[in-house]
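Worksheet for the structure shown next.
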Amino acid sequence: MAHIISHTEILNVDAADAWMCCKHSDKVLPDLLPEFFAKTEILEGDGGPGTLRVLHFGPAIPQAGAAKERLDTVDDATMTLSYTVVEGDPRYVNVTGVVSFASTGEKQTKATWTSKYDVVGEAGPPEHVKNITALMFKTFEKAVQSKKTATHTETLDASPDAIWSAVKQENAILPKALPHLFESCTFAKGNGEVGSIRISKMGPAIPDAGELVEQVDVFDDAEKKVGYTVLKGDPRFKYVTAVVQYAPGPTAGTTTATWNATFVPVEENGVLDSKFVVAVWKALESAAKA
């Protein structure tokens, strides 16, 4: 008969923000809890159902080594994630877990973890896992409370349809228009749809950036909206996600471009500048007008 263990924590943040941190825990946990989570490897998938990942534990979890997990569901509507442990602590088998977030008021969230498992031999309940889960929830809270936002709006001298057409050709446009910023832009996975992974090799104007690796989170033709999360990039930031939308501008044939970003800086006073985004917009505007 399967055993059940659970833990509930009240977090002083919005449920949607806590859920977003959970979905990006592969980056958040090694950044903020390196003593417990040394690194995370994605073996298969893009963070959605079917993703296979390995959690490498840090020195605060002696002899724990690593655990391989498969994500079974990632449900935005209910803010629920479920997983199966494929390889892990040999004292426990048939391990599954569910993590969920529910709003209990303004900037207050009930975070719940429930796990089912079978015991091998005389092992007791995995209380250490429950304790780590409690710490993980509080880390999500800390990450949300540390986050900052940035926004910028600009009017582009081309129609939304023309700008959006250029957005779809960014990989070809940006290295030609902005070679000092982009050496090359290619998709390592997909072709721009949700879940695609884009790698941009940065140009000489950004000598220490190396590669910018982004995951496409939103690509909406009807709304002319694209959203992405930076998986690897500027070392000044632990986490960056943004949404860009192109709407009809104040006069016929113009576009209102809006960029909204959420980020967690390494340094408390770190800021995310919009100059890079504006340079991209100007390149798209030129391509659209041409």
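Descriptive notes on the structure:
- Residues that are crowded, with 19+ Cβ neighbours inside 10 Å and of a type in the set (Lys, Arg) do occur in region 192-204, at least one of them.
- Count of residues meeting criterion [buried (at least 19 other Cβ atoms within 10 Å of the Cβ) and either without any contact (Cβ under 8 Å) to a residue 24 or more places away in the chain or under 23 Å from the mean Cα position of the chain (by Cα) (or both)] in region 93-120: 8
- Tabulated pairs, region 267-290, first assigned by TED's automatic domain parsing to the domain that holds Ile163 and assigned to a loop (DSSP other than H, G, I, E, B), second surrounded by 15 or more Cβ atoms within 10 Å (Cβ to Cβ) and among the charged types (D, E, K, R), C-beta under 9 angstrom, 6+ apart or interchain: Gly270/Lys148; Val271/Lys148; Leu272/Lys148; Leu272/Asp234; Ser274/Glu154
- Flag for Lys142 being part of a helix (DSSP H, G or I), among the basic types (Lys, Arg) and modelled with pLDDT of 95 or more: no
- Residues that are at pLDDT 95 or above and in a strand (DSSP E or B) occur in region 186-197; there is at least one.
- All positions within region 121-136 that are in contact (Cβ under 8 Å) with a residue 40 or more places away in the chain and closer than 18 Å to Leu55 by Cα: Pro126, His128, Val129, Lys130, Ile132, Thr133, Ala134, Leu135, Met136
- Candidates Asp72, Asp26, filtered to the one that is of a type outside the set (Val, Ile, Thr), in contact with a strand residue (DSSP E or B) (Cβ under 8 Å, 6 or more places away or on another chain) and not in a strand (DSSP E or B): Asp26
The values are calculated or read from the model by the stated rules, or taken from the named source; none is laboratory data. Since the structure is predicted, the reported quantities are computational estimates derived from the model, not experimental observations. Reconstructed Cβ throughout: ideal geometry from the backbone, glycine too, with neighbour counts over all protein chains shown.
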